[in-house]
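One structure is given here, and the rest of the page talks about it.
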Amino acid sequence: MTGAASQAYGEAWYWDERYRKESGPFDWYQKYPALAPLLRLYVRPHQRLLLVGCGNSVFGENMVHDGYQDVVNIDISSVVIEQMKKKYHDKPQLKYTKMDVRNMSDFESGSFDAVIDKGTLDSIMCGQNSQEHAAKMLGEVNRILNDKGVYIMITYGDPSYRLNLLKDLQFWTVKLHVIDTIDIADRWERSSKKTWDLTEPLPLQDDSTSIINLLGPKPDVHYIYVCIKDNDSARVELKVEINEADK
């Protein structure tokens, strides 16, 4: 992928062209079965959830098969949304709407229990004015979540790139999980490398030092930031959870 192409990741025309050429299903980063144990910790089957940047992923379909009852999907591409509406016309639990994640004004404030993001923020961070657009996206995510709602972001961005972005907005209590990027075959070849328990959050401090020390340089993981909305106090603060052993 060229730099020019990646800079267009936030543009509808790029994805319209791509989905006209690539009609087969594709899941960014991780598929549902790998993430299901973590999602069950934070999202209940009866809750209303939103998949942002859904593309032609089967992630939502897999969630419905696993018992989730209300899965709303949005994407900036009208081409892929029409494809998915036709594909899942007989599944009322799956809903598809063309929408830019930076402006979700069609959704009422506090109308979702969870938002799941597999690479959408990463795409925005590749484009021009990335910080501005990322802040708009996260502000909208915060707005549509109800109190104690959860934003789950799966990303390549380690804490040195993502933690300050989340902290500066002062919306969340943040937990960090990781999952290996390598597949089963690779794990046999690289069995000497440590693997991580997906369901256990890592000790997270105000900077990325603890994570770098724990994971080492260039770890083969995706980072999963679980951001729990907290509006209980008059001044909403980011609270970074620290493992008891680090207190």
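Here, each number is a calculation from the coordinates, and none is a lab measurement. Given the structure is predicted, the values throughout are model-derived calculations rather than measurements. Methodologically, a virtual Cβ is constructed for each residue, glycine included, from the backbone with ideal geometry; neighbour enumeration extends over all protein chains shown.
Under a 5 Å amide H cut-off, with hydrogens placed 1.01 Å from N, G110 pairs with I144, L145 among residues at least 5 apart or on other chains. Remark: for residue pairs K91/K118; K85/K175; K85/K229; K87/K148; K86/K229, the C-alpha separation exceeds 24 Å in K85/K175; K85/K229; K87/K148; K86/K229.
Other residues with beta-carbon under 14 Å from the beta-carbon of W13 carry, at +1 per Lys or Arg and -1 per Asp or Glu, a net charge of -1. Based on the alpha-carbon gyration tensor of segment 74-176 and its eigenvalue square roots a ≥ b ≥ c, which shape applies: rounded if a/c is under 1.5, prolate if not and a/b is larger than b/c, or oblate? Prolate, because a/c is 1.5 or more and a/b exceeds b/c.
Considering every alpha-carbon pair of segment 16-154, the percent of pairs per 10 Å bin, from zero through the bin containing the longest distance, is 12, 45, 37, 6, 0. Take the Cβ atoms of K86 and C126, set R0 to 35 Å, and the FRET efficiency comes out at 0.75. Charge tally for S57 (other residues, Cβ to Cβ under 10 Å; Lys, Arg +1; Asp, Glu -1): -1.
How much FRET efficiency would the formula 1/(1 + (r/R0)^6) give for Q47 and F107, where r is the Cβ-Cβ distance and R0 is 22 Å, rounded to 0.05? Efficiency at R0 = 22 Å is approximately 0.90.
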